[in-house]
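Report on the structure given below.
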Amino acid sequence: MTPPPRIVVLAGGVGGSRFVLGAREALRRRGVDDTAAALTVVVNTGDDLWLSGIRLQPDIDSITYALAGVNDTERGWGRAGESERVNAELQAWGAGWPWFTLGDLDLGTHLARTGWLREGLTPTQVLERMSRRWHLGARLLPMTDSEVDTVVTVREGGGIRSMHFQEWWTRHRATLEPVGFENPGIAEAVPAPGVGEAIATADVVLIAPSNPVVSIGPILAVPGVRDALRETGAPVVGVSPIIGGRVVRGMADVCLTAIGVETSASAVAGLYGARGDGGLLDAWLLAEEDRGLADEVAARGIRPSVVPLWMTDAAASAGIVEAALAAARR
Ligand code: GDP
Ligand code: CA
């Protein structure tokens, strides 16, 4: 048997976890037993936050729970069979944020993580430890060990003010007009141990259909990541999070508008840029609904592939990953 392709995925939470499930499924279909040796996921940590003294890592947890099969598939985030007794107590104390629910099972994760961080483990070491509880079938790496939590600047009442990304996203449902996204401290950050090496030794790098601005954006903003992507011998293939000119889940359109990028599969490809042109992409997967944009993508110097991009289940996502691997080979 030929060795399995070493796949590196750059991913955010919801779109990222569905895509990663597909990557693991695609490897399993190829008869790969040790999928964790073939699949490395570099996860956005821009969503992370401190709340009531504990460290939350929403995108890392979304991917971990999905791979473990303990995620709430109906609600789309958090743990299945969740309860909220501790949250009610926190609210009664006036602790935390009244609009941000912390489930009991989820809190167990956050407490374990925070304890280990306080003992001196790095986020990479904590994630490695957390990856042992369940059989995930993938190696997860935070994009960086530095805290670079995303801050959103919004226009409000004639002025501007800044808030944590989670406040803007969860409390305000992205309704306050953003004028910019920043990750304070990111200029001094370095990629987490293993990230550079994974990219350098990959057979293919896949950019998941995640939010280009607040999920993939922070990963690419860690100094060294863009260089690693430009220098790797592996093809870099992106998957459009935009289908038929619309975002599928979430509010990525608001984020794109804020940075002056149209909500279109071609414009997002342009944001990442063609590798031959100083950008990142060799190839770009477009949805069938966006077939008409294939020429525009090609004109940007990026090879387009038109495939169904609805990640309805792991099988559908695996099909997308297979199409990405095929696009990489061409
Ligand atoms: P978050 O971190 O939880 O916001 O999730 P991600 O950043 O990983 O993913 C959010 C993005 O996933 C959104 O911009 C959606 O457009 C995209 N997305 C969600 N479901 C699908 C799907 O079924 N197909 C595709 N192509 N994109 C999707
Ligand atoms: Ca996220």
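The values are calculated or read from the model by the stated rules, or taken from the named source; none is laboratory data. Remember, predicted model here, so these are calculated numbers, not experimental data. Neighbour counts run over all protein chains shown; Cβ positions are idealised from the backbone, glycine included. Accessible surface areas use protein heavy atoms only, side chains included; no ligands, DNA or RNA. Shrake-Rupley method; radii C 1.70, N 1.55, O 1.52, S 1.80 Å.
Just the number, please: percent antiparallel of the DSSP beta bridges in the stretch 155-249, rounded to the nearest 5.
Percentage antiparallel, nearest 5: 60.
Which of Val307, Val86, Val148 ends up with the largest GNM mean-square fluctuation for the chain, with Cα atoms connected below 10 Å?
Val86
Find the relative contact order for the chain and round it to a whole percent, using C-alpha pairs within less than 8 Å whose residues are 6+ positions apart.
Numbers: 674 pairs, mean separation 65.0, N = 330.
Contact order relative to length: 20 percent.
Quick query: amide H of Ser146 versus all other amide H atoms, modeled in the peptide plane; which residues come in under 5 Å with a sequence gap of 5 or more or a different chain?
Val190
Net charge near Gly13: determine it from the other residues with C-beta under 15 Å of the C-beta of Gly13, scoring Lys and Arg +1 and Asp and Glu -1. Show your work: numbers first, answer last.
Values: positive: Arg18, Arg75, Arg79, Arg249; negative: Asp47, Asp48, Asp59, Asp61, Asp72, Asp106, Asp149.
Net local charge, Gly13 excluded: -3.
Count the net charge of all other residues whose Cβ sits under 13 Å from the Cβ of Val179, scoring Lys and Arg as +1 and Asp and Glu as -1. It would help to have the intermediate numbers written out before the result.
On the way: positive: Arg155, Arg161; negative: Glu156, Glu177, Glu182.
Neighbour charge sum, excluding Val179 itself: -1.
At a 1.4 Å probe radius, carbon and sulfur cover how many percent of the accessible area of the chain? Could the numbers behind the result be given before it?
Working: 7090 of 14000 Å².
Carbon and sulfur: 51 percent of the exposed surface of the chain.
Multiplying the sequence separation of Val261 and Val190 by 0.36 nm and subtracting their Cα-Cα distance, what value in nm do you get?
22.9 nm
Quick check on the chain: helices-only [θ] at 222 nm, where DSSP H runs of length 4 and up contribute -39,500 (n - 2.57) each and the sum goes over total residues. Nearest 500, please.
My calculation for the chain gives -10000 deg cm²/dmol from helical runs alone.
For the chain, with every protein chain kept in place, what is the accessible area per residue (1.4 Å probe, Å²)?
Result: 42 Å² of accessible area for each residue.
Express in whole angstrom the spacing between the alpha-carbon centres of the stretch 9-26 and the stretch 168-239.
15
Mind putting together the pair-distance distribution for the chain? All Cα pairs, 10 Å bins, whole percent per bin, short to long.
6, 27, 36, 24, 7, 1, 0
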